[in-house]
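First the structure, in the form of structure tokens, and then the observations on it.
The values are calculated or read from the model by the stated rules, or taken from the named source; none is laboratory data. All values reported here derive from a predicted model rather than from experimental measurement. Using ideal geometry, Cβ is built from the backbone for each residue, glycine included, and neighbour counts are taken over all protein chains shown. Each accessible area value is taken on the protein alone, full model and side chains, heavy atoms only, with ligands, DNA and RNA left out. Shrake-Rupley method; radii C 1.70, N 1.55, O 1.52, S 1.80 Å.
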Amino acid sequence: MKRSSGILMHISSLPGKYGIGTFGMEAFAFVDFLKKSGQRYWQILPLGQTSYGDSPYQCFSAFAGNPYFIDFELLEKDSLLAKEDYSTLDYGLDENCVDYAKLFINKNKVLRIAHENSKNKYDKEINKFIEENNFWLEDYALYMAVKNHFNLVSWQNWDDDIRLRKKEAIDSYKTLLKNEIDFWIFVQYMFFKQWYSLKKYANDNGIEIIGDIPIYVAEDSADIWSNPEYFNVDENMVPITVAGCPPDTFSATGQLWGNPIYNWDNLYKDGYSWWIDRVRESFKLYDVVRIDHFRGFEAYWEIPYGNKTAEFGQWTKGPGIKLFNAIKDKLGDVNIIAEDLGMMTDEVIELRDTTGFPGMKILQFGFGEGDSRDLPHNYPVNCVAYTGTHDNDTVCGWYNVTGSKKEIEKAKRYLNLTYEEGISRGLIRGVWGSPAYLAITTMQDFLGLGNDARMNMPSTLGGNWVWRASSEAFDDKLAKEIYDLTKLYGRIK
């Protein structure tokens, strides 16, 4: 556990010309910035293909990558696009904000041109890619092709023969939609080709990638459609119970996420093979994996499907240590961060400690009543300390807008916050100087941005996941400032 630090910024937030951050030159430049800044880690959000609402925690597949991150200029270098194929389209007027509606139309349009230009050029490479990934790729590509055939509605609303995966229907759609299936396979090939090139560059420059996987998959996903036996669905593949959180002081009706619950009995009988596949593939993408909602492996809140709120659910025991023992047996020791936020019980703490995984501490949560576990003097070495995550306000937004008066006064006393130093710098200093072996802050906090740069407001739809950095943000002056702070607190050896 080398004492070190990192920055949290999703790929979508990178600057660039074409509507959203990509795996192109700006991503390579950000790796250079992290290196200059003395950072060891770049933390990102899930890389999956987002669905309605654009959340990286609600994806069409647990294995497929997000086509939005494929870089057009790299495709041009591969002779798959001409500049005029993509340079004049409208991806949104504001370079600091993702316009997902325009991106959906025009990014897909350009990728289809690239696919047409790829024919007979990448046959050998794509065939190898299919062979290596066929345990998920064939079902995913068919799912996306059929989804487009039915005007993007959920698979629950497809015709019964294909919804229930009748063999005759699957064979028929594979023939009918062959070109569309080939398109989605091409898209995934290019996603992984570009991502692995970026990851190699990061690793070669001493930067490790912290990735993120949601505990659950979306109801409208290839995973449930193609593997219903691993989920709590009835004989018609309709969910029986779904995930969420019970009512608490923040929400009188709880949080209804709507993700179908796993059938942990069937997963156990199959040696947890689906989860082992998922973790193994995640470690091809990332060097470290943060698992979201870790407490759900000890016990999870399940709600009858169709309920309008999360009030009438119940706690049900999860797989516990059996799952992580199975993962270790197959994959060895894996570098996982347990997202252990929320209601922690003795049983959840015991599970986390038994695995040995570091948990998380969030500085913004530390300034309520009492001696909080989220105050730096209470941090163990084996934890990852954050000023805030993608679900928090920026620290400046919290200090100036969303934090309570009592919280702000306590933070000012605890950290000796001053406007002369800068509020964000004082809060970053709190985690950088803590005992935690790894300290991370968001790029928004290093840039001192307000709550208009917040990444996500949980339990809301619209206006989330849209923030992008300005192209001039990552200059040498900021890099030196971050480096000096990191060196001061012993996070550079």
>> Just to be sure I understand the filter: pairs with C-beta atoms under 9 Å, separated by 6 or more residues or on different chains, first member in region 427-442 and assigned to a loop (DSSP other than H, G, I, E, B) and modelled with pLDDT of 95 or more, second member open to solvent by less than 10 Å² (accessible area, probe 1.4 Å) and hydroxyl-bearing (S, T, Y). Which pairs pass?
In response: Y437/S4
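Test of understanding: among L198, L177, which residue is farther than 29 Å from I261 by Cα, surrounded by fewer than 21 Cβ atoms within 10 Å (Cβ to Cβ), touching a helix residue (DSSP H, G or I) at 6+ places or on another chain (Cβ under 6 Å) and in contact (Cβ under 8 Å) with a residue 24 or more places away in the chain? Lay out the reasoning, then the answer.
Details: L198 fails: surrounded by fewer than 21 Cβ atoms within 10 Å (Cβ to Cβ).
Criteria check complete, one pass: L177.
Is at least one residue of region 412-425 assigned to a helix (DSSP H, G or I), under 30 Å from A299 (Cα atoms), touching a residue at least 24 places away in the same chain (Cβ under 8 Å) and open to solvent by 60 Å² or more (accessible area, probe 1.4 Å)? Step through it out loud before you land on a result.
Our first condition is that a residue be assigned to a helix (DSSP H, G or I); within region 412-425, this holds for 412-415, 423-425.
Among the residues that remain, those that are also under 30 Å from A299 (Cα atoms) are: none.
No, there is no match, as no residue in region 412-425 is assigned to a helix (DSSP H, G or I), under 30 Å from A299 (Cα atoms), touching a residue at least 24 places away in the same chain (Cβ under 8 Å) and open to solvent by 60 Å² or more (accessible area, probe 1.4 Å).
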> Within region 284-334, which strands (runs of 3 or more DSSP E) (wholly inside it) include 1 or more residues that are open to solvent by 20 Å² or more (accessible area, probe 1.4 Å)?
Replying inline: 299-304, 314-317
> Across region 232-287, what is the number of residues that are among the small types (G, A, S) and under 30 Å from S404 (Cβ atoms)?
Replying inline: 5
>> So K77 passes all but one of these: (1) modelled with pLDDT of 95 or more; (2) open to solvent by less than 30 Å² (accessible area, probe 1.4 Å). Which condition number does it fail?
In response: (2)
> Out of all the residues in region 138-157, which are within 22 Å of I240 (Cβ to Cβ) and either open to solvent by less than 10 Å² (accessible area, probe 1.4 Å) or among the aliphatic types (A, V, I, L, M) (or both)?
Replying inline: Y143, V153, W155
> From the residues in region 69-89 that are touching a residue at least 24 places away in the same chain (Cβ under 8 Å) and in a helix (DSSP H, G or I), which one is farthest from Q49 (Cα to Cα)?
Replying inline: D85
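Here's the yes/no breakdown for (1) open to solvent by 10 Å² or more (accessible area, probe 1.4 Å); (2) of a type in the set (S, T, Y):
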| residue | (1), (2) |
| --- | --- |
| T387 | no, yes |
| I408 | yes, no |
| A436 | no, no |
| T460 | yes, yes |
> Residues of region 235-269 being more than 22 Å from E298 (Cα to Cα) and open to solvent by less than 50 Å² (accessible area, probe 1.4 Å), which ones?
Replying inline: M237, V238, S251
>> Please go through region 90-103 and give me each residue that is surrounded by 16 or more Cβ atoms within 10 Å (Cβ to Cβ) and in a loop (DSSP other than H, G, I, E, B), ordered by number.
In response: Y91, G92, E95, N96, V98, D99
>> Let me spell it out: the conditions are (1) closer than 23 Å to K200 by Cβ; (2) in contact with a Ser or Thr (Cβ under 8 Å, 6 or more places away or on another chain); (3) open to solvent by less than 50 Å² (accessible area, probe 1.4 Å), and S61 meets all of them except one. Which number is the exception?
In response: (1)
>> Residues to consider are D54, D32; find the one that is under 19 Å from D391 (Cα atoms), out of contact with any strand residue (DSSP E or B) (no Cβ under 6 Å at 6 or more places or on another chain) and either free of Cβ contacts under 8 Å to residues at least 24 places away in the same chain or open to solvent by 10 Å² or more (accessible area, probe 1.4 Å) (or both).
In response: D54
> Any idea which of N106, N120 is in contact (Cβ under 8 Å) with a residue 24 or more places away in the chain and surrounded by fewer than 22 Cβ atoms within 10 Å (Cβ to Cβ)?
Replying inline: N106
> Out of curiosity, is W257 of a type outside the set (K, R), in contact with a strand residue (DSSP E or B) (Cβ under 6 Å, 6 or more places away or on another chain) and closer than 30 Å to W158 by Cβ?
Replying inline: yes
> Does any residue in region 335-353 that is over 27 Å from E208 (Cβ atoms) and aliphatic (A, V, I, L, M) come within less than 8 Å, Cβ to Cβ, of a residue that is open to solvent by 60 Å² or more (accessible area, probe 1.4 Å) and not in a helix (DSSP H, G or I) six or more places away or on a different chain, and which pairs are these?
Replying inline: M343/D248
